[in-house]
1. In this structure, does residue 260 turn out to be at pLDDT 95 or above, touching a Phe, Trp or Tyr at 6+ places or on another chain (Cβ under 7 Å) and small (Gly, Ala, Ser)?
2. Against the definition (surrounded by fewer than 21 Cβ atoms within 10 Å (Cβ to Cβ) and farther than 18 Å from residue 161 by Cα), how does residue 212 come out, yes or no?
3. Go through the stretch 76-97 residue by residue and tally those that are modelled with pLDDT of 95 or more and either in contact with a Phe, Trp or Tyr (Cβ under 8 Å, 6 or more places away or on another chain) or over 26 Å from residue 180 (Cβ atoms) (or both).
4. For the stretch 129-150, how many residues meet the condition of being surrounded by fewer than 22 Cβ atoms within 10 Å (Cβ to Cβ) and within 15 Å of residue 111 (Cα to Cα)?
5. I'd like to verify a number: residues in the stretch 190-215 that are among the basic types (Lys, Arg), farther than 20 Å from residue 158 by Cβ and in a helix (DSSP H, G or I), how many?
6. Restricting attention to the stretch 169-201, and to residues there that are under 28 Å from residue 108 (Cβ atoms) and without any contact (Cβ under 8 Å) to a residue 40 or more places away in the chain, which single residue is surrounded by the fewest Cβ atoms within 10 Å (Cβ to Cβ)?
7. Only residues that are small (Gly, Ala, Ser), in a helix (DSSP H, G or I) and crowded, with 21+ Cβ neighbours inside 10 Å: list them for the stretch 228-243, please.
8. Collect the residues in the stretch 252-273 that are aliphatic (A, V, I, L, M), touching a residue at least 12 places away in the same chain (Cβ under 8 Å) and not in a helix (DSSP H, G or I), keeping them in residue-number order.
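The values are calculated or read from the model by the stated rules, or taken from the named source; none is laboratory data. All values reported here derive from a predicted model rather than from experimental measurement. Neighbour counts are summed over all protein chains in view; Cβ atoms, including those assigned to glycine, are modelled from backbone coordinates with ideal geometry.
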Amino acid sequence: MYYHDTCYILPLALILDLILGDPRFLPHPIRWMGSAILFFEVKFRKFSMGTVFQGAFFAVFLIFTTWVFTFILVKLSVFFHPAAKYPVSIILIYYTLSSRSLEKSAMNVFFALKTQGLDAAKNSLKLIVGRDVENLTEKGVSSAAVETVAENLVDGFISPLFYAAIGGAPLAMAYKMVNTLDSMIGYKNEKYMDFGKTAARIDDIANYIPARLSVLVIGLAAQMLSKKGSCVIKTAFKEGANHTSPNAGLPEASFSGSMGVKLGGPGYYHGKLVSKPFIGTKFTEPEPGHIKKACELMILSSILWTGILSLLTFAKDWV
């Protein structure tokens, strides 16, 4: 994919995401990735080697296969028409983005809190978080929703578009396999501690640069929305490391600084209390209204990131 192609392919993929979101009636490659992970995990666990090596070969196989399959699909599309690779690339990259579906899911929690009560909000929240929600207060639900929006801005938009700008649809799809693997087998439990170790490390590496670039994008969006760009930068680099993930703390701290809310802290996961530090320690706990503000910040950040990458790829074509 040439750079001058990318400068309009990325915005069109964003437009599709903002318009369509993730309609359940459409087939979705990410769901196919999940099915492939479940199918091949059984096969690779039978190999005569250590569990860590089983998981490593499993992860590399699926990531590489995803790239190859997508690359071939884009190349084959030109047999139908020389320009067919462009709509195919746009659609494939669109499938790697999730800003609209993330906004919809978070706003479901917001509207449930405002109109249906805490129990309904917990039911909506548990669809998008990995933590236990039973003991959460209204502020706890609000905090969890804001954290999810912040973290998934990177996983669901910043990173896939970053890799789409570098390597087109094949690399964007390969990244989504990395991210899907981490979400399914990157757990520190008895079943996946060894088998999922490589997948988790690859995900950390893949998100390392995008997570740090996200601070600048969120800061720009926050400056436009509330003149809090400097607070985003200060909070991100002061408290972004207050997280068990090497990457997730940075966007969470950026959202914390933008809205002046305290995020993170201890939480229950699969019935066990996990002690995590707070982010934005000097701020107050979030209210339901902060979920809406988080979604606005996320959408604007997504638009700005698309514009930045499109301009960079356009400029590179003329250098």
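1. On the way: at pLDDT 95 or above: yes; touching a Phe, Trp or Tyr at 6+ places or on another chain (Cβ under 7 Å): yes; small (Gly, Ala, Ser): yes.
Considered against the rule, which asks whether it is at pLDDT 95 or above, touching a Phe, Trp or Tyr at 6+ places or on another chain (Cβ under 7 Å) and small (Gly, Ala, Ser), residue 260 comes out as yes.
2. Details: surrounded by fewer than 21 Cβ atoms within 10 Å (Cβ to Cβ): yes; farther than 18 Å from residue 161 by Cα: no.
Taking the combined requirement at face value, the residue does not satisfy it.
3. Total satisfying the criteria: 2.
4. Residues flagged as surrounded by fewer than 22 Cβ atoms within 10 Å (Cβ to Cβ) and within 15 Å of residue 111 (Cα to Cα) within the stretch 129-150 amount to 2.
5. Residues that pass the stated criteria total 1.
6. The initial filter retains those residues of the stretch 169-201 that are under 28 Å from residue 108 (Cβ atoms), namely 172-173, 175-187.
Still in the list and also without any contact (Cβ under 8 Å) to a residue 40 or more places away in the chain: 179, 182-183, 186-187.
Details: 179: 25, 182: 21, 183: 16, 186: 23, 187: 18.
Among them, the one singled out is 183.
7. Hit for the stretch 228-243 is 236, nothing else.
8. First, pick out the residues of the stretch 252-273 that are aliphatic (A, V, I, L, M): 253, 259, 261, 263, 273.
Adding the requirement that they be touching a residue at least 12 places away in the same chain (Cβ under 8 Å) leaves 253, 259, 261, 263.
Residues satisfying the conditions are 261, 263.
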